[in-house]
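A.B. asks: Sharing a structure here in structure tokens format.
The values are calculated or read from the model by the stated rules, or taken from the named source; none is laboratory data. This structure is a prediction, so every number in the text was calculated from the model and none was measured. Backbone-built Cβ (ideal geometry, glycine too); neighbour counts: all protein chains shown.
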Amino acid sequence: MDKPMYAVEVDGLTKIYGTGDTAVTALQDAGFKVRPGELVAILGPSGSGKTTLLTCIGLINEPTVGKVVIDGTVVADGGWQRGIDLKRLRREKLGFIFQAHNLIPFLTAQENVMVALEINGFARNDAKKRAVELLEALNLGHRAVNYPSALSGGESQRVAIARALANRPRVILADEPTAALDTENGKNVMDLLKKLAVENNSAIMVVTHDHRMVENFDRILEVSDGRIVAEKSRTEERVHHGLE
Ligand SMILES: Nc1ncnc2c1ncn2[C@@H]1O[C@H](COP(=O)(O)OP(=O)(O)OP(=O)(O)O)[C@@H](O)[C@H]1O
Ligand SMILES: [Mg+2]
């Protein structure tokens, strides 16, 4: 089968929380497409709808109106598509990096990463090799055998990042992945994301408040009051520079 041209397609995406007098329109009529290998930033003030956008694409928040297509599969079109296996799609196609990192407390850092691979059919040895490689890339090689309770907030965050990336997902969604990190580790995370975009051809969408991060991205979506109000692109440049 041909690979789909876009990793993520969103059209007329609208999310309304609640009903009646208390209804909140958190996202209104969002539309864009993200190519495999593209690194996209989502910028905007607090409460503008960034997390809502990410969780609707991430199949954990049901869109009220509009369409979401992941790697060629229509997953929502005015609510979830009937018969779609959301859990499986999430596991196979998506990698999440959220602030609440939810590490499994009775597994070591390395085992937390391995779990994500083993549930996707990796043999134990391959899972171990990949987990070590990722933890090392994130400056955590020396903490691989520690349990989450013995890790700092930033270290836990990086273990969660390693876990989200382990499976080489088609789509990586990250909600302020560098917010809890110091400059050096924040840079390591961005470098790793950039590397994955190129090596694995993953589409990567990152929510950030940090305007200094912007130069890392191919495209920037600016969200304000639930609407995408601006879109700046460097993708064409990148394509012309032979990266595709
Ligand atoms: N579960 C919910 N129920 C009701 N309203 C919600 C819910 N989640 C978010 N909202 C509202 O939707 C709007 C968008 O929220 P969202 O979390 O997407 O913003 P955000 O851009 O991620 O903000 P921040 O930068 O503070 O994380 C806000 O007005 C918020 O109060
Ligand atoms: Mg948010």
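A.B. asks: For segment 37-51, give me the residue count where each residue is of a type outside the set (Val, Ile, Thr) and more than 6 Å from ligand 1 (Cβ to nearest atom).
C.D. replies: Total meeting the criteria: 6.
A.B. asks: Continuing with the same structure: Report yes if some residue within segment 73-90 is among the polar types (S, T, N, Q), out of contact with any Gly (no Cβ under 6 Å at 6 or more places or on another chain) and away from ligand 2 (no atom under 16 Å from the Cβ); otherwise report no.
C.D. replies: Looking through segment 73-90, at least one residue is among the polar types (S, T, N, Q), out of contact with any Gly (no Cβ under 6 Å at 6 or more places or on another chain) and away from ligand 2 (no atom under 16 Å from the Cβ).
A.B. asks: Condition test on Ala41, is it within 16 Å of ligand 2 (Cβ to nearest atom), within 14 Å of Leu173 (Cβ to Cβ) and in contact (Cβ under 8 Å) with a residue 60 or more places away in the chain?
C.D. replies: Yes, satisfied.
Conditions (1) outside any loop (DSSP other than H, G, I, E, B); (2) closer than 20 Å to Leu94 by Cβ; (3) under 15 Å from the mean Cα position of the chain (by Cα); (4) modelled with pLDDT under 85, marked per residue:
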residue	(1), (2), (3), (4)
Gln157	yes, yes, yes, no
Ala160	yes, yes, yes, no
Leu173	yes, yes, yes, no
Pro177	no, yes, yes, no
Ile204	yes, yes, yes, no
Arg238	yes, no, no, yes
Gly242	yes, no, no, yes
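A.B. asks: If you scan segment 49-63, which residues turn out to be more than 12 Å from ligand 2 (Cβ to nearest atom) and surrounded by fewer than 19 Cβ atoms within 10 Å (Cβ to Cβ)?
C.D. replies: Of everything in segment 49-63, those that are more than 12 Å from ligand 2 (Cβ to nearest atom) and surrounded by fewer than 19 Cβ atoms within 10 Å (Cβ to Cβ) turn out to be Ile60, Glu62.
A.B. asks: Pick out the one residue from Asn125, Asn112 that is within 21 Å of the chain's Cα centre (by Cα), in a helix (DSSP H, G or I) and polar (S, T, N, Q).
C.D. replies: Asn112
A.B. asks: Got at least one residue in segment 9-30 being outside any strand (DSSP E or B) and surrounded by 14 or more Cβ atoms within 10 Å (Cβ to Cβ)?
C.D. replies: Checking segment 9-30: not a single residue is outside any strand (DSSP E or B) and surrounded by 14 or more Cβ atoms within 10 Å (Cβ to Cβ).
A.B. asks: Could you give me the residue pairs with C-beta distances under 8 Å whose first residue belongs to segment 45-68 and is over 16 Å from Gly18 (Cα atoms) and among the polar types (S, T, N, Q), whose second residue is within 12 Å of ligand 1 (Cβ to nearest atom) and not in a loop (DSSP other than H, G, I, E, B) wherever it lies, and which are 6+ apart or on separate chains?
C.D. replies: Correct list of pairs: Ser48/Val223; Ser48/Ser224; Thr51/Asp175; Thr51/Val207.
A.B. asks: If you check Asp175 against the conditions, is it closer than 20 Å to Glu231 by Cβ, more than 16 Å from ligand 2 (Cβ to nearest atom) and not aliphatic (A, V, I, L, M)?
C.D. replies: Criteria not met by Asp175.
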